[in-house]
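A quick write-up on the structure given underneath.
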Amino acid sequence: MASRKWSSGASWPDRTFDLLVYLILAVVTIVTLYPFLNVLAISLNDSTDSVRGGLTIYPRVFTLKNYETIFAFGGLITGLKISILRTVIGTILGLVSASMLAFTISRIDFQGRRFVSAFLAMTMYISGGLIPFYILIRDLHMIGTFAVYVLPGLVSAFNVFIIRSFIDGIPYALQESAKLDGANDWTIFWRVI
């Protein structure tokens with residue numbers, strides 16, 4: 001029995017499947033966008049009216065006073081500057097330190113590579129907790145300094161393993177040939193790896 005076709009040539013099951021996919025995508029889009037629209041509506045609504053609740057995706061009492069209050073706060077620029085510096089400096093230092101450690105444990109001639117790898121893997125599953133972490137930061141005199149944003153997260157075990165798997169994908173013969181040409185470990189790290 002021949003199936004009926006639409007004018008575009010698609011069969012009924014294909015059209016039904018397409019319609020189902022579009023419905024699912026529409027639901028996912030609505031579920032994804034609703035929280036953002038709700039936060040935007042609350043931010044554009046009068047604060048005393050927002051306390052009543054019941055806001056959905058549009059403000060009941062439109063006002064820009066909330067944004068005026070936020071932008072009048074003097075610490076906003078300081079917080080923005082610290083966030084940008086933390087992101088840039090933390091990313092650069094984290095990438096350099098994690099890649100140096102990954103290079104070290106990827107070396108075949110490094111005797112402690114199994115121990116260091118096992119120790120790093122253990123830190124992914126076991127941590128001291130929040131209180132010992134605070135005591136460590138306090139004893140290192142990093143409270144109230146910029147270093148507290150960068151140094152504690154400098155080396156991530158997960159990042160080290162990702163970079164090490166990349167380095168392991170590079171043929172070791174490339175490092176050996178660089179060593180034969182007179183390159184030391186720093187040169188191999190910075191130029192080859």
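The values are calculated or read from the model by the stated rules, or taken from the named source; none is laboratory data. On a predicted model such as this, the values are computed, not experimentally measured, just so you know. Neighbour counts run over all protein chains shown; Cβ positions are idealised from the backbone, glycine included. Surface areas here come from the heavy atoms of the whole protein model, side chains and all, with no ligands, DNA or RNA. Shrake-Rupley method; radii C 1.70, N 1.55, O 1.52, S 1.80 Å.
Observations, loosely collected:
- Euclidean distance of C-alpha centroids, the stretch 8-84 and the stretch 110-143, integer Å: 39 Å
- In the chain, helices alone account for a calculated mean residue ellipticity at 222 nm of -21000 deg cm²/dmol, with every DSSP H run of four or more residues adding -39,500 (n - 2.57).
- Pairwise FRET efficiency - ASP46 versus TRP12, Cβ, R0 = 35 Å, nearest 0.05: 0.10
- Taking a point 7 Å out from the Cα of ALA118 in the direction of its Cβ, the residues of the stretch 158-193 whose backbone N falls within less than 19 Å of it are 158, 161.
- The stretch 1-107 - percent relative contact order, Cα under 8 Å, separation 6 or more: 15 percent
- For the pair ILE89 and ASN66, a Förster radius of 25 Å applied to the C-beta separation gives a FRET efficiency near 0.20, rounded to the nearest 0.05.
- Computed from the C-beta positions of LEU19 and TYR58, the FRET efficiency with R₀ = 25 Å rounds to 0.30.
- Between GLY79, GLY90, GLY169, the Gaussian network model of the chain with springs among Cα atoms under 10 angstrom shows the greatest mean-square fluctuation at GLY169.
- Scanning the chain for long hydrophobic helices, with DSSP H runs required to stretch 27 angstrom or more by C-alpha along their axis and to average at least -0.5 on the Kyte-Doolittle scale, returns 12-43, 75-106.
- Model label sites at SER127 and PHE73, defined 7 Å from Cα along the beta-carbon direction, differ in position by 2.5 nm.
- Dipole of the chain, positive end: most advanced residue of LEU76, LEU101, SER47 [Cβ charges, Cα centre]: SER47
- Longest DSSP-loop-exposure-free segment, chymotrypsin sites (Phe, Trp or Tyr not before Pro), the chain, at most 15 other Cβ within 10 Å: 7-72
- If you sort ARG15, ARG164, ARG52 by accessible surface, 1.4 Å probe, largest first, the order is ARG52, ARG15, ARG164.
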